[in-house]
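Peer 1: My questions will all concern the structure given below.
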Amino acid sequence: MLVAGNWKSNKSFNEAREFAHAFSQLPGAPEGVEVMVAPPAPYLAAMGADSLPFRLGSQNVSATGPGAQTGEFTAEMLAGCGVQDVIVGHSERRDGHGDDDARVADKVNRVLDAGLRVVFCCGESLLDRQGDVHFDKVLRQLESGILHLPAEAMVNVVVAYEPIWAIGTGLTATAEQAQEMHAAIRGWLTEAYDAEVARAIPLLYGGSCKPANADELFACPDVDGGLIGGASLEPSTFHALVEAAGRAVGNREEANV
Ligand code: PEP
């Protein structure tokens, strides 16, 4: 299970450091649970990746390499700052910052070429869901974003399904809605690669995931954790999600005995 926090454009630098300190005072992640936090980019190097109680993530990356690209930061620069995971294709970047499918695919390649792990986001709009094209929409995003990757590269790929209508709205996909989309993604990965590759890729759910609904979502067989926005901003709330993931790991182990 992976519990990944996306702080977006929130927190001062001091607040970011205070969060890391407070989180480090809480019990460590349960066996089988990884934790990642993606603070705002200007803080990444100074977060001190080596001493953090979580993997350091970036919310964005340049689609190009080094050179005359004012304001951009490359995947290699992120790696040099201790970043391990990079979120690519978040709907807030697809819709508001020009990250179309081609640019998202370029970013995926840059992240993997730099030896980092990519958290590839996909998800449908409310209109897509109302028009019953949500499966098509998500599978098309996967096709253009990751189908070109060789199977060996897939060990560094995480997929986050984030229905846009559930992000930051307080609306959450039901466990059934999350599970049926995750099963479709797993099925697509099985066809595109094979069952072993598909099984190993963590599929995160994102969209108003919080302590009150995490147990139900994480209990879904194809939900392997969460990409968390609002509920990642406060240490004890985020930690409650890490504990929920720990319970899900325990339940899965018991079910497999
Ligand atoms: C997100 O933006 O990735 C997200 C899931 O946000 P929230 O949890 O606030 O809906």
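The values are calculated or read from the model by the stated rules, or taken from the named source; none is laboratory data. Treat the numbers as computed from the prediction; the structure is a model and nothing was measured. For neighbour counting, all protein chains shown are included, and Cβ atoms are generated from backbone atoms with ideal geometry for every residue, glycine included. Protein only, heavy atoms only, side chains kept; ligands, DNA and RNA dropped before computing areas. Shrake-Rupley method; radii C 1.70, N 1.55, O 1.52, S 1.80 Å.
Peer 1: Please count how many residues of the stretch 204-215 are within 15 Å of the ligand (Cβ to nearest atom) and under 21 Å from Glu254 (Cβ atoms).
Peer 2: Qualifying residue count for the region: 1.
Peer 1: Taking the residues in the stretch 216-257 that are of a type in the set (Asp, Glu) and within 16 Å of the ligand (Cβ to nearest atom) as candidates, determine which candidate is least open to solvent (accessible area, probe 1.4 Å). Outline the logic, then answer.
Peer 2: Within the stretch 216-257, the first condition is being of a type in the set (Asp, Glu), and the residues that meet it are 216, 222, 224, 234, 243, 253-254.
Those left that are additionally within 16 Å of the ligand (Cβ to nearest atom): 216, 224, 234.
Details: Glu216: 116, Asp224: 17, Glu234: 82 Å².
My answer is Asp224.
The rows are residues; the columns are (1) in a loop (DSSP other than H, G, I, E, B); (2) over 26 Å from Leu233 (Cβ atoms).
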{"site": "Pro30", "(1), (2)": "yes, no"}
{"site": "Ala46", "(1), (2)": "no, no"}
{"site": "Thr64", "(1), (2)": "yes, yes"}
{"site": "Gly71", "(1), (2)": "yes, no"}
{"site": "Glu76", "(1), (2)": "no, yes"}
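Peer 1: Test of understanding: among Pro163, Pro150, which residue is in contact with a Ser or Thr (Cβ under 9 Å, 6 or more places away or on another chain) and at pLDDT 95 or above?
Peer 2: Step by step, each of Pro163, Pro150 is checked, and only Pro163 is in contact with a Ser or Thr (Cβ under 9 Å, 6 or more places away or on another chain) and at pLDDT 95 or above.
Peer 1: Going through the stretch 5-28 one residue at a time, which ones are closer than 21 Å to Cys121 by Cβ and open to solvent by 80 Å² or more (accessible area, probe 1.4 Å)?
Peer 2: Ser9
Peer 1: Scan the stretch 148-155 and tell me whether some residue there is closer than 23 Å to Gly5 by Cα and either within 16 Å of the ligand (Cβ to nearest atom) or more than 17 Å from the chain's Cα centre (by Cα) (or both).
Peer 2: Within the stretch 148-155, none of the residues are closer than 23 Å to Gly5 by Cα and either within 16 Å of the ligand (Cβ to nearest atom) or more than 17 Å from the chain's Cα centre (by Cα) (or both).
Peer 1: Same structure, new question: Gly57 - would you say it is within 14 Å of the ligand (Cβ to nearest atom), at pLDDT below 95, of a type in the set (Gly, Ala, Ser) and on the phi < 0 side of the Ramachandran plot?
Peer 2: No; evaluated as a whole, the condition is false for this residue.
Peer 1: Shifting gears a bit: Take the residues in the stretch 84-137 that are open to solvent by 40 Å² or more (accessible area, probe 1.4 Å) and touching a residue at least 60 places away in the same chain (Cβ under 8 Å), then tell me which one is nearest to the ligand (Cβ to nearest atom).
Peer 2: Among those residues, the one meeting the criterion is Glu92.
Table: residues versus (1) surrounded by 20 or more Cβ atoms within 10 Å (Cβ to Cβ); (2) over 20 Å from the mean Cα position of the chain (by Cα).
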| position | (1), (2) |
| --- | --- |
| Pro39 | yes, no |
| Pro42 | no, no |
| Ser51 | no, yes |
| Gln59 | yes, no |
| Gln69 | no, yes |
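Peer 1: For the stretch 161-184: of the residues being open to solvent by 30 Å² or more (accessible area, probe 1.4 Å) and of a type in the set (Ser, Thr, Tyr), which is farthest from the ligand (Cβ to nearest atom)?
Peer 2: If we take residues in the stretch 161-184 being open to solvent by 30 Å² or more (accessible area, probe 1.4 Å) and of a type in the set (Ser, Thr, Tyr), then Thr174 is farthest from the ligand (Cβ to nearest atom).
Peer 1: For a quick check of your reading of the model, give me the residue pairs whose first member lies in the stretch 156-172 and is under 21 Å from Arg55 (Cα atoms), whose second is open to solvent by 10 Å² or more (accessible area, probe 1.4 Å), with beta-carbon atoms closer than 6 Å and at least 6 apart or on different chains.
Peer 2: Correct list of pairs: Asn156/Leu112; Asn156/Arg117; Val158/Pro202.
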